[in-house]
Every structure is written in structure tokens, then in C-alpha cells.
1. Would you kindly derive the ³J(HN,Hα) couplings of region A:95-102 from the backbone phi angles with the Karplus curve 6.51 cos²θ - 1.76 cosθ + 1.60 (θ = phi - 60°), listing them in order in whole Hz, with x for Gly and Pro?
2. How large is the direction-averaged shadow of the alpha-carbon convex hull of region A:354-411, in nm²?
3. What FRET efficiency comes out for the pair C:Gln144/A:Val474, r = Cβ-Cβ distance, R0 = 30 Å, nearest 0.05?
4. Pull out a ≥ b ≥ c, the square roots of the eigenvalues of the alpha-carbon gyration tensor of region A:236-323, then state rounded if a/c is under 1.5, prolate if not and a/b is larger than b/c, and oblate in the remaining case.
5. Using a 7 Å offset from the Cα along the Cα-to-Cβ direction at both A:Gln421 and C:Ser21, what is the distance between the two label points in nm, to one decimal?
6. Given R₀ = 45 Å, FRET efficiency for A:Asp45-A:Val356 by Cβ-Cβ distance, to 0.05?
7. Give me the distance in nm between label points sitting 7 Å out from Cα along the Cα-to-Cβ direction at A:Ala144 and B:Leu330, one decimal.
8. Please compute the net charge surrounding A:Gly79, taking Lys and Arg as +1 and Asp and Glu as -1 over other residues with Cβ under 14 Å from its Cβ.
Amino acid sequence: MATLQEKIAKICPAATVAEVDGAPMITVDEAHWHDLAKALRDDEDLSMDYLVTIVGYDHVDTMGCVYYLMSTRHNTNLGVTVAATGDRTQPMLHSVTDLWNIAGLYEREVFDFFGIIFINNPDMRRLFLSIDWKGYPLRKDYDASPNINPVPVDNERQSDFTQSWVEGPDGKVEEKQLEVFGPDDFVVNIGPQHPATHGVLRFRTAVDGETIKKIDVYMGYIHRGIEKLCETQGYPQTLHYLDRMDYFSALNYHHGLCILYERAAGIEISRRAQVIRVMMDELSRIASHCLFMGTFCMDLGATSMLFYTLRVREQILDILERTCGARMTFNYDCVGGVMQDLDANFQHDVKELLKVLPANIKEYNKVFVGNVIAKNRMEGVGVLSREDAISYGVTGPNGRASGWACDIRKWRPYSIYPELQFDEITRTEGDSMARFKVRLAEIEQSARILEQLVDNIPEGEYLVKVPKVLKLPVGQWFQLVEGCRGVFGMHLESDGGTKPARLKFATPSLPAAGVVDHLTRGEKIADLITIGGSMDYIVPDMDR
Amino acid sequence: MYDLSVITDAIHSFLAGFMPSWLTVTVECVLIGVGLLLAYALLALFYIYYERKFCAAIQCRLGPNRVGPWGLLQSFADMFKILIKELISLNNTDKFLFALAPYLVILASMLAFAVLPWGNGLQIIDFNIGIFFLLAVSSIGVLGILLAGWSSNNKFTLIGAMRSGAQMVSYELSISLSVITMVCLAGTMSVGGIVNEQADCWFIFKGHIPAIIAFIIYMIAGTAETNRGPFDLPEAESELTAGYHTEYSGIHFGFFYLAEYLNLFIVAGVASLLFFGGWMPFHVPGWDTFNHIMDYIPSVVWFLGKAIVLSGIIIWFKWTFPRLRIDQVLAMEWKYLMPIGLFNLALMTCCVVFGWHL
Amino acid sequence: MEVTAQGVPYEAFKDNEYIESLVKELQENGTNVVVGSLDKLINWGRSNSLWPLTFATSCCGIEFVSLGAARYDMARFGWEVARSSPRQADFIMVAGTIVHRMAPVLRRLYDQMAEPKYVIATGACAVSGGPFRNSYHVVQGVDQIIPVDVYLPGCPPRPEAMIYAIMQLSRKVKVERFFGGVNRQQKQQEFLREHPVEGVNDKAQFNSETVAEAEKQA
């Protein structure tokens, strides 16, 4: 702490360092922000190369952003709070797109929600909301009246130009327009209703014959305003929205938010509840990876594989259904433990599942991985280097396929993960095949975790007593967990009430979709499907 | 072996008995046309049902089983629906070509029907360049697909049509090469002649190694020619929504849908003609009793049976393999199949010249 | 007239007041024998061959995938021919939340479908906005944009419920009239007239004069 403080003082005397939620939080003014960010990233001892997320905030009198940074080399993390300059009509901050590639998307998101303009970001269009949307929804004074933004019936207006605010050499900021697609580009619109975009994602693709020149990703076709909705609900109620974000990682996300609330409220949960939560996480991880393999193979044209993988998924859903009562939106983890006790046959069912898993994995390998066409379609397609994976913030199995050991269960262990024996699967190829193989291998590791726990579920209460109305003290918290698709971050700001003042979710799908343009340049149209499928993004997860 | 030409000759002489010859020919043409259309529709419906059941079995499912006994009427219901579904006409398209395209595709497969050896004496027209005619008319189909893609004024259909053009023109070469290889063995281009050549033994056994190589090449190229998986790039669901026929609705789409299955049947039928003796029963030289028993099975059953089994293999491909990429499809043809086919043709010529066959 | 769907023996299934009232309305004036039996044949074809459009926005879509998989196997009823092109699909299963930005896209998809076309609003979100009803960006029920034939609640509905919903749709198709009075389609036309979209002439397919007029204007 002391060394960091000295370091920061040396780099930027104007910055102050405080401790928030166990990690340093630097506060800096806007003028010094870009220099500080550059120093944080380039300094040998700090080397903050991974931008976890950018959280916009609106404190009525000030607006600004909290940047969460992590170092993959030193395993340290810190936050930086920067207040925007200018008044509410045009608050401004300097962009850091030149330092972290993913920052471009995150800044667009903040601009969309708060109207904070990022100087020098070449692409300052709205990300989730349409071009004609009035107002910035996450501002505290936003008027959600349906008269201002009625349900549109006409096709969305579209522009081939981006807005951008560029700072000249004299420090003067002026608005500019940049071209996305030229008049000669043959632009094919893929999505939002398209069988291979895994939901309602839209790619505007400039192609030259079959070769892709550029992709412009459009999101927001399933943007449901979950972050704003959370601000109107009590803490336990906010949990339910997580089920509908990444519906395959419902249990993992619930687990994370429960940990966050329990940490903030100082609640200790029983070991039984912890074991149950971890087992549920791993079960849903297997189910999620199974579905990934199925849909991915279907995208490549091998339809039958979907039916083989769904067989295992149905078996897992049966287990989960007997305990949680639902097939998809489980809503099982709650503050203080889990909703109800395990089903009487739970252990037996899990053992049955573990028995059939190896044979199934063998079958998947035989049917698909060993197939010469599959190899040709996947090997060497969409190679993501380790540096790019970190810079684009691509986590989870995608990041690990590029050789970045980014498993939060190992990196920042939570719950009972430190006691468990399992390997973090990493590969070095970084191509679509590696991403597929990592997931296949992770199923085996999840099964290993289940094997260790299934006979060791301790007795005890599954739910500790928590106050009926949960009230959190004033403060800020940040929690990371490993969802099925990668790092899931939650930023909570509490004003001491029963509702969160700001709850921000950093999801793994957003960077995964953001990197598609980078990966597909110069590849074929068919490779876009391979790459998109192998990134395994969930559109409601990125749109929220 | 019962010769079905007895029946056709009887009909002919019956009609010729009281009609002038020009009317006889006209009436016969109409009869054949109606019979062909009926066979065409029934076969297509059967194939749709067949594929749905087949892929259900591969995927551990049941497949259609509610409409009619064992779901047999499912494809009839589909056809009724498709027949009366709205035909959407699009603005800013070439309306004539747009409407013409599905008929071209259907026409190509209909013409190919004419020379298939349905049974002993049940061939509609048997002339000395039958196989050549078959190759020629089956390539009309690609024109229909190109027109469909181009006239729809849609980027997806255009890409699909271009892919289809590149793919079908390329694979036509391999098909022709393997056909020439077998013609070389048969010594005739007449479909009837090719079948009769296999009276003692089917070509796949007669021509051993070169025939087997030709068969494998033919099956791969034939699958590509029918635009079926793993070569279904022109209508790659996950890439181009529905490929070249994205904009077609109602019966126009129905024609593409039927033609796909009919082409499957034609490819399998030609394979059975070239390699498995057409309608010729399974004969082993020297086993006279066995050959006699085989002759009791009607020739139509032999032909349809062989075609259905062979098309089962092509369906099996589709539900097992992932799709290739366009550059891989073309590389496979030009770098592997065609050179092998050329070499195989030379090999077959040697076999024929030196009499190295059964 | 008894309206049944394929292979469903349950008495409970026949209890749908809405369809009973439709049947009554149909039989009020009686039908011509020939036209009536033709109608029956056509409706038999239509109701037994419902091809869905591959359309899913969120969680419900995954249950729709499960519906196609081996355990629930919608292929039994002939619904497995999911078409990706709206031109070739018969019904659209609005599986998932529809947000403001998606609304015009959904409407366009619906307009692109060929008649006869049907809509099933699948899941709480599509029925009413569901858990996201209070959000600034969520359409509170797809019936604000397109006419809905069957509402299917649940979050997400189980695959069994989806089977039930499509069966109800299948029953509804059975009581339609192709020749003469078109009961459901009249309501659909009314809806489309009340919810016009710029550049789309909903009457066009029934009235060739308006097409000619529109062309003249263009």
C-alpha cells in the first residue's frame, strides 16, 4: 500500500489513494487521468494490463467513471475514480482506447447510459440504445416516461458515420464525423434475426467476395435496462435479474452477487450452503458447455451433435429441477445461503451423471473433434494472441484458449474453491479449436470438483438468518466470480438504504463480441460463424 | 426376368388400333407426363418423410409420428399447406426471372427422370447417348439457382447463388469424369446398354479398383451437386439464412424443396445405374439357382431399393459432417477429386484394354 | 364441430372457450358442402404443418431448442422444419423479451411472412413485459406491435407448455375458413390497420388496386 502510494505520488502528485473494499482506490482529476492510466499500464511494478470494466456514476453534483484495473503479472488490482469535467449537458473525460482495446466499447456504454463524452474515442455512437433515443437512462434525473421515447414502429435510422470528439494540438475539443463504411463497400447485414448470431446481435459486414473487410457490431436488440431496474428494487430482488442475463450461468452469477451482498452486510453463511452453491455452479458449467458444443457444431453444420450434447444437459437440468424447481431461471442462491435444502436424491443423481459423463465426452471427441472437416474449419481460424486477449478483456475459456490463465476460481479464489483440487485448463493456440477443446476439458474438471464434493456435503443449516429487509452500509464494493463464459464483475455502490444506489455488472460476453471484428478481418464469411460461435457470447448477457 | 415392355407395348398396340399414329404418340406423351408428375410428387413426398425419419433415428428422436399412421401423412400435410401459401411478390426485382427460376430447377430434374432405368422395359426414352443427355440436362438446375439468387435482389441470395454456381460447375467435372470412367468400362452411352452389360455382374465388382474409386468420387461429387451437407453452402442455414431461396415463399419455395430431394434421388439413381446395375438383379456368375431366385424380385423394386439405399448414404453424410468452407470445397475438387478422377480414367482404360476386369 | 389436435386424448385439452366461440360463429350461417370439405382439407394440411421461424431473443429461445431436442422432440408433430427465412415460415414464436430497438425488426419480420401467418407470444416478457415491465426500453407485450394468436406465459415456459401452445394454435388454424368468411384474418386486418407502419401496405396482398396506386405514386 505504502509503495503504491509513493509510486502514484511520483507519477501524478495530484492523485490520492484510499482503501476501498480491500483494494486501493485512486482518485485523480481529469487533466491527469490519461497520463496516470498510461503510467499504470506501462510501469514495470504495476503493469495494469487488464481493464476489467468502466463504471459510470452519477452523484447528481458530479458525474464520472470508476475504472477497475488488474495486473495479470502481479495479480494485483486497483480502482481509479475520475470525475468528468464540464456540466451535465456535456460532461467530458479523456478516452483510454489507445491503452486498452476494450475501453472503446466500455466508453460507448458509459456514453450511452450517462452521456459522458470521451475525448479522442473515434467511435462515440450509442451502443445499446438507438440513434434517436432521447436522454441518458442511467442518470438519476432521467425521465422514463413512455411519451418521450415511445415504442418505435418505423425502421431504425442508421448512419454510416460515427461521432467523435477530437482534441486538437491546442487542447481545443471539436466534434468530428468519421466514416464507418465507404460508399464502395458491399455491406451485408447479418442479424439481428439470424440463426447463427446466438440471439439478436447484428453485424454489419463489409465483404469483398467471400472475404470480410470489416465488421461493425450493433448491440442493444435485447437491452432490457437491468442496471436501472436494480436501482428501483430491494437488494434480494435484484438477484432475480441475473437469471435472465446469462441464462446458462444463472447460478454462478447469483452466487457472485450473494457473496457481494453477504460481504457488504457482514453475513457468514454455513459451510453446507457454500458446498451446495459450488456444486450447483459446476453443474451449470457442465450444462452450459454442453449447450455451447451443441450450438457451435450446429453452426458449423453438424446438427446431430446438438442432440447428443443436449442429452447430458437434460440430465443436469433434471437434477437442478428436482432441487431448485425450475429448468432455467433457477433463482436458488439467496442472501444467507440457498432457498431450500437439497433434494433427497441429489447425491445419487449427481453420481449417475458422473458415471455417464466420460462416455459422452469420448463420443463428442469421436464425432466432432476427430473429424477432418471440423479440424479444417476450426484450426487456425480466428487466432487470438494472449496480448490481444488481455487487451480486449476476453476472459473465460476464450481467454484461457489463448494462454491467459484468467480463471477467477484460481486467480481470486472465492467460496470453498481454494480447498478443491482442479486444474486450470489453458492452451496456447488461441484458435477456434482451442476454445472448443478448453471447454471440453473444463467439463472434465467440473466433474472432478463434483466428485470431490458429492460425498462430502456437510450437515448444517442451508440458510442462515438474515434480516427481512436487507440494509447495507454506505460504501463501495467490487466482486469478481467465474461465470461459465468468463469473469463476471459486480460493482455495488450503497447509500445506506435498502436499494442499491448503483449496481453495475461487467459481463464476459461484451468483450467476446467486441473482439469479433478484430478476429474476422480477412477471414471468410463462414469463418465469422465459426469465430462467433466459438466465442460463445450470450446476447442478453452483453446487452443487459 | 419379367420384361415390363410387354405391358407398354400392349398399351401402344391397343391405342394404335383405333387411333392415327400422331394421336397415339400424343396420348402416350400425356400419359407418360401424368405418370411422371405423379411419380415425381410421390417420390419427393416419400423422400421428405424418409429423410425426416432417418435423421430422427440418427439423433435418437422419433421423428414425425402423429399425422397419419407412423406420421406417413406428414409430408402430404406439408405439401397441402405449401400449395396454398401466399406467393410473395417483391418490389424492385426482375419478376419474370424470379418466377422462372423454380421452374428451371424443377425442369432439370424432370428431364433427368426421362432416361433413368426404372425397370426392365420401363424406360421412357432410351437412346444411344442417354448418359450424355443426363449430364447435360442436370446442369440446367444450376441456371435456375443462379437466376433465383440474382433476381431476388437480396445480398444473401446473391452470395448463395454465386457459391452454388462455383460449386456446381466445379463438381460437374468430377461427376462427368467418373461417368466417363464407367462408360469406358461399359463401352456404350446408352442407358439400356449399360444396364444390360451388368447382367452377369454389377460394374462395382466387375471393374474392381477403378470402379470403386469412381464410385467414391461420384458419391462425393454427387452430394456436392445436390447442394446437400456437408456441401450445403448455397443454402447454409447458419450463414445465409436460407441461401438462394431466402426470398421464395409458397409453392415456389416448394419447388426448390422438392427439387432438392428429387436431385438426391437422381444422383442415387444414376449411381445405381452406373455401379449397381440399374434395375438389374444381383447376379453372381456361375450361381444359376441363386440368379434365378433374384430374378423373381421385380426390376422396379431393385432399382428403387438401390436408389433409396444409396440416397440413405448421402443423407447420412448430411447429418454427420460439419459444413465445408467455400475455399475448401473448391480446393477439394480442383486439387484432389479431379486429378484422382483423371488418373482413375487412365487406369480404367488400361483395365479395359488389357482385359483386367471380370 | 369438434376441434381436436393430433393425438391428444385429454378431455381437458378441449376446454378452450375462445375456440368454441369461434366454431359457433362459423356454424351460424352454415356452409356449402363442397367448400366446407375443401376447407377441411386445407385446414387439415395447415394445422398439421406448422413451420416455425427461427426467432429467439433470450431465455425462452433456449427452451425452444430443448423442444427440438430428443426428449421433447417437436418433430413428432411435424414442427421441426424451422425456417430461417420468414418467407417460408408459418408461425413466429416470439421467444423472449422484445425491446424498443427490436420492435421494428419484429414487425418487419412479421410483415415479411407469407399468409397465413400466426404468432405465439412465448414467455412472460412477450406476453406483458414480464419482470422487465418497468424498464425504459422494454415493450410491454408484443401485442402492441403484432397481432398475437396464442399467449404462452411462463418464465421461461417449459417445453411441455410450448407443445401445448402450438397445439392450441393448431386447433385455432382448424377453425379458419379459406373460402368465404375469414374469421381470424379479419381480426388480423383490423389490428394491422390500427397499427400502421410507414412504407408497408398491409392491405396490399388483398387488394391489387392499392398496389397499382402505390406503384404509381412511387
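1. In residue order, the calculated couplings are 7, 10, 4, 6, 9, 10, 4, 6 Hz.
2. One quarter of the hull surface, i.e. the mean projection, equals 5.4 nm².
3. Rounded to the nearest 0.05, the efficiency is 0.15.
4. Details: a/c = 3.29, a/b = 2.17, b/c = 1.51.
Prolate, because a/c is 1.5 or more and a/b exceeds b/c.
5. Distance between the two pseudo-spin positions: 6.7 nm.
6. Using R0 = 45 Å, I get an efficiency of 0.35.
7. Reported label-point gap for A:Ala144 and B:Leu330 is 5.3 nm.
8. For residues surrounding A:Gly79, the net value is -1.
The values are calculated or read from the model by the stated rules, or taken from the named source; none is laboratory data. The shown structure was predicted, so the numbers you read here are calculated from the model rather than taken from an experiment. Because the Cβ atoms are built from the backbone with ideal geometry, glycine has one as well, and the counts that use them run over all protein chains shown. To get the accessible areas, we keep the full protein, side chains included, count just its heavy atoms, and leave off ligands, DNA and RNA. Shrake-Rupley method; radii C 1.70, N 1.55, O 1.52, S 1.80 Å.
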